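The values are calculated or read from the model by the stated rules, or taken from the named source; none is laboratory data. What you see is a predicted model, and the numbers here were worked out from it, not measured in a lab. Here the Cβ positions follow ideal geometry from the backbone for every residue, glycine too, while neighbour counts run over all protein chains shown.
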Ligand SMILES: Nc1ncnc2c1ncn2[C@@H]1O[C@H](COP(=O)(O)OP(=O)(O)O)[C@@H](O)[C@H]1O
Ligand SMILES: [Mg+2]
């Protein structure tokens, strides 16, 4: 097994990507796969040679078709949604499928400046040689333009609006001037940008309308169907358990169902049957958070219990996910325990274990 903690998806799913390459239909220039094959790679199905393709994204196929179709145009793609709706995950897989590499990525923060978007300078080279191509340090965006590949911008709205607007020339004119060298980099065909942004965070910098116009927005929703959400958690927990070499006990599915039930009820502010209104905690109880709770619990069960997944193992992790604000969220959880879980016999272990840690 490789020593890398997390291999890029194009390595993990190399066999699937190779199988899909055999699909010889027309494709946009510099794409590794046809747009249909890219959608099959994300949604799962079968390659032309019969190879099974696992589903990476579970949800509406149309959304992924729109995302892929957008990347074949001159508009960039913006994946929008609350945290944990697989925006980064989808963007990583899209880049792997379309460009063969998911590693051209810029994490945008409040501290990101223009040099991290356009290009920087190697100062030793700059002093030795003056402004020259050798002294220029290309960013992932710069390289993607030269190579005709996709560049990912994570959390686009976290960087300042002025820095965001650096992208306007790149996205509308498909070029990047380098005035220091009296030069211009023209984007090669196949270049495009996939940005992600979440619409829940405070302190984000709204996109200027000029920049917004350059993006086609695809909103990734939280799964509205309970079975779908359970399926997502189950699949990802199995995959992550596998890569962390954590055995997944037989009762994992039953516990996942319970955790997803609690998450959905607290998130929506009502019981699943809709009969009782509940207060909602401040944290974001997304599918991704449910996955994290289950993986944490698996680790705890594996190293400290007999390997069976007990409510005790899950409860500590659940508490961390639900109670982000020690006062308010604690009260919300207490009320949920007393008014809902206490009356459900199958949740008794959780009622007791959560009460103990609360
Ligand atoms: N609809 C979905 N289909 C497949 N995986 C999902 C889905 N929703 C969430 N996930 C899982 O949630 C995890 C976190 O997603 P991530 O891309 O980091 O979220 P975001 O960037 O939207 O905050 C990933 O492991 C992903 O597999
Ligand atoms: Mg993300």
Exercise. Of the residues that make up segment 122-139, is at least one under 30 Å from residue 37 (Cβ atoms) and either away from ligand 2 (no atom under 16 Å from the Cβ) or touching a residue at least 60 places away in the same chain (Cβ under 8 Å) (or both)?
Worked result: yes
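Determine which member of the set 152, 143, 158, 200 is surrounded by 14 or more Cβ atoms within 10 Å (Cβ to Cβ) and either at pLDDT below 95 or more than 26 Å from residue 98 (Cα to Cα) (or both). Write out each step before concluding.
Details: 152 fails: either at pLDDT below 95 or more than 26 Å from residue 98 (Cα to Cα) (or both); 143 fails: either at pLDDT below 95 or more than 26 Å from residue 98 (Cα to Cα) (or both); 200 fails: surrounded by 14 or more Cβ atoms within 10 Å (Cβ to Cβ).
Only one candidate passes the filter, namely 158.
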Seminar exercise, completed: Selection from segment 3-29 of residues part of a loop (DSSP other than H, G, I, E, B), closer than 27 Å to residue 244 by Cβ and without any contact (Cβ under 8 Å) to a residue 60 or more places away in the chain yields 3, 4, 5, 7
Exercise. Which of the residues that make up segment 60-99 are at pLDDT 95 or above, away from ligand 2 (no atom under 16 Å from the Cβ) and part of a loop (DSSP other than H, G, I, E, B)?
Worked result: 60, 72, 73, 75
For this session: Please work out which one of (1) in contact (Cβ under 8 Å) with a residue 24 or more places away in the chain; (2) surrounded by 21 or more Cβ atoms within 10 Å (Cβ to Cβ); (3) within 22 Å of the chain's Cα centre (by Cα); (4) part of a helix (DSSP H, G or I) is the condition residue 40 fails and give its number.
Result: (1)
